[in-house]
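Novice: Let me begin by handing over the structure; questions about it come next.
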Amino acid sequence: MIKIAIIGGTGVYDPNILKNIRTEELATPYGSVRFNAGVYAGKEVAFLPRHGSKHSIPPHLINYRANIWALKKLGVEHIIATTAVGSLNIAMKPGDFVLVDQFLDFTKGRVSTFYEGGERGVVHVDLTAPYCPVLRNTVSKAAGILDLSIHEHGVYVCTEGPRFETPAEIKMFARLGGDLVGMTNVPEAVLAREAEICYSTVSMVTNYAAGISEQALTHGEVLETMAANAEHIKKLIMKSIEL
Ligand code: HPA
């Protein structure tokens, strides 16, 4: 059984923290999922790059249900996910890490549930704490040990993408209480909750969001900041697994 999984977001594609890496494919009712599995700190760990190993799957076309179903089938009980995000909060600067604890859902065309009536029935999961407090605590401890500064709270606004936002949208999200904007945490966090998997996200701020940043946004800028901080996020994940 594999109990821990890492879902790597933009810029986190490298499964090489694991030993004895193998590539596997698992069939689910929603399609098959390729992932890496290996060992770190004596623990079996699955690694799933959310956008594919070559960043070929855009946020709105990720097969979120297949991914979470596959991890559940493997026996995964804990998922640490990474996400690249834009910041609407001046205090959360490019290069900063944020342990998000709430989200606002502005996605439009995604199936966000395993429960569509029929045989599986109708289920309304509780999202009072959308991210697992136990795992958030572990990641926070790991950051402390590594002397990595991390914001302990943050409201993640999930947009449909794949386009970036307009400055007017960013202004609206800020008024609604959002701190960060990204394109992938919903429905991932919701499906993990439905699957009863303890799920937490470490967001890495790659840019100030549209209109806050004076220049136009590019995906290159996002990748550049991610690359500059890849070592930190890798260490944070490794330490969290050790704990
Ligand atoms: N907006 C949406 N998603 C993102 C951004 C952004 O500014 N940066 C990284 N992912």
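Novice: Scan segment 207-232 residue by residue and report those that are under 25 Å from Ile4 (Cβ atoms) and modelled with pLDDT of 90 or more.
Specialist: Across segment 207-232, the qualifying residue is only His232.
Novice: Can you find, within segment 199-217, the residue that is nearest to the chain's Cα centre (by Cα) among those that are within 16 Å of the ligand (Cβ to nearest atom) and under 19 Å from Val12 (Cβ atoms)?
Specialist: If we filter segment 199-217 for residues that are within 16 Å of the ligand (Cβ to nearest atom), which is where we start, we get 201-217.
Pick out the ones that are also under 19 Å from Val12 (Cβ atoms) and you get 201-207.
On the way: Thr201: 5, Val202: 7, Ser203: 7, Met204: 10, Val205: 12, Thr206: 14, Asn207: 17 Å.
Out of the qualifying residues, it is Thr201.
Novice: State which residue pairs qualify: first residue among the acidic types (Asp, Glu) and inside segment 225-243, second residue at pLDDT 90 or above in any location, beta carbons under 7 Å apart, and separation of 6 or more residues or different chains.
Specialist: Hits for this filter: Glu242/Ala41.
Novice: Sticking with this one: Cβ-Cβ below 7 Å, separation at least six or inter-chain, first residue in segment 161-188 and touching a residue at least 40 places away in the same chain (Cβ under 8 Å) and at negative phi, second basic (Lys, Arg) and within 14 Å of the ligand (Cβ to nearest atom): which pairs?
Specialist: Partner pairs satisfying both residue conditions: Thr184/Arg50.
Novice: Arg163: farther than 18 Å from Asn67 by Cβ, basic (Lys, Arg) and assigned to a loop (DSSP other than H, G, I, E, B), yes or no?
Specialist: yes
Novice: Looking at segment 167-182, can you tell me whether even one residue there is near the ligand (Cβ under 10 Å from one of its atoms), closer than 25 Å to Ala66 by Cα and under 20 Å from the mean Cα position of the chain (by Cα)?
Specialist: Taking every residue of segment 167-182 in turn, at least one turns out to be near the ligand (Cβ under 10 Å from one of its atoms), closer than 25 Å to Ala66 by Cα and under 20 Å from the mean Cα position of the chain (by Cα).
Novice: Continuing with this model, one more query. Name the single residue, out of those in segment 60-90 being more than 16 Å from the ligand (Cβ to nearest atom) and part of a loop (DSSP other than H, G, I, E, B), that is surrounded by the most Cβ atoms within 10 Å (Cβ to Cβ).
Specialist: Val76
Novice: With more than 14 Å from the ligand (Cβ to nearest atom), farther than 18 Å from Leu88 by Cα, in a helix (DSSP H, G or I) and of a type outside the set (Gly, Ala, Ser) as the only criterion, which of Glu119, Glu196 stands out?
Specialist: On the way: Glu196 fails: in a helix (DSSP H, G or I).
Just one listed residue meets the conditions, Glu119.
Novice: Specify the residue that is surrounded by the most Cβ atoms within 10 Å (Cβ to Cβ); the eligible residues are those in segment 147-166 that are hydrophobic (A, V, I, L, M, F, W, C) and either within 11 Å of the ligand (Cβ to nearest atom) or at pLDDT 95 or above (or both).
Specialist: Only one residue tops the list, namely Val157.
The values are calculated or read from the model by the stated rules, or taken from the named source; none is laboratory data. Model, not experiment: these values are computed from the prediction. Backbone-built Cβ (ideal geometry, glycine too); neighbour counts: all protein chains shown.
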